[in-house]
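Trainee: Provided herewith is a single structure, encoded as structure tokens, for subsequent inquiry.
Each value in this text was obtained by applying a stated rule to the coordinates, not by laboratory testing. None of these values were measured; they are calculated from a predicted model. Heads up, the Cβs are rebuilt from the backbone with ideal geometry, glycines too, and the neighbour counts pull from every protein chain shown.
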Amino acid sequence: MNPAAILDFLWAQGFAVDLGQDDRLLVSPASTLHDSQREILRANKSAIVALLKEERQVTADLLAAAMRVCDRHDDGEEAREEMRRDCLALHIVLQRDLLEHFRGRPQP
């Protein structure tokens, strides 16, 4: 399983997976992880951490690009907050697509 599939699998089972300080992998509720799930996480930890860091950067870049769009449209704070909420509500794949759209790069 690749890192994205592992995360999707865990999220579908109700686990929250995130990065803590010093890129520590946080899984909640950790007490309900099965040994097989723990082993998958251990075996793929570095790749999962790298993917989460990349996703965090995509989200930050998307929010910055969205605020530039708001600047061009002279949007007020209410519209900006709505844009932030909308961006954060998107799945990471859609965040990437929207970021590329804001950057003016067509998707293949």
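Trainee: Would you grab the residues whose amide H sits under 5 Å from the one on Leu25? Only those 5+ places off in sequence or on another chain, please, with H modelled 1.01 Å from N.
Mentor: Sorted by chain and number, the residues that satisfy this are Gly20.
Trainee: Something else now. State the extension gain, in nm to one decimal, for the chain segment bounded by Ala30 and Asp74, taking 0.36 nm per residue of separation less the distance between their alpha-carbons.
Mentor: 11.4 nm
Trainee: Further question on the same structure: Please arrange Phe9, Phe15 by how many other C-beta atoms lie within 10 Å of their C-beta, fewest to most.
Mentor: Phe9, Phe15
Trainee: Using the Karplus equation 6.51 cos²θ - 1.76 cosθ + 1.60 (θ = phi - 60°), what ³J(HN,Hα) coupling, rounded to whole Hz, does each residue of region 51-58 give in order, writing x for Gly and Pro?
Mentor: Per-residue couplings from phi come out as 5, 5, 5, 4, 5, 4, 5, 4 Hz.
Trainee: Quick one: Karplus J couplings for region 14-26, per residue in order, coefficients 6.51, -1.76, 1.60, θ = phi - 60°, nearest Hz, x for Gly and Pro?
Mentor: x, 8, 9, 10, 8, 9, x, 4, 6, 6, 6, 7, 10
Trainee: Shifting gears a bit: Where Lys and Arg each count +1 and Asp and Glu each count -1, what net charge lies around Asp18 among other residues with Cβ under 12 Å from its Cβ?
Mentor: +1
Trainee: Continuing with the same structure: Of (1) 8.4; (2) 9.7; (3) 6.9, which one was derived for mean projected area of the Cα convex hull in nm² from the structure shown?
Mentor: (1)
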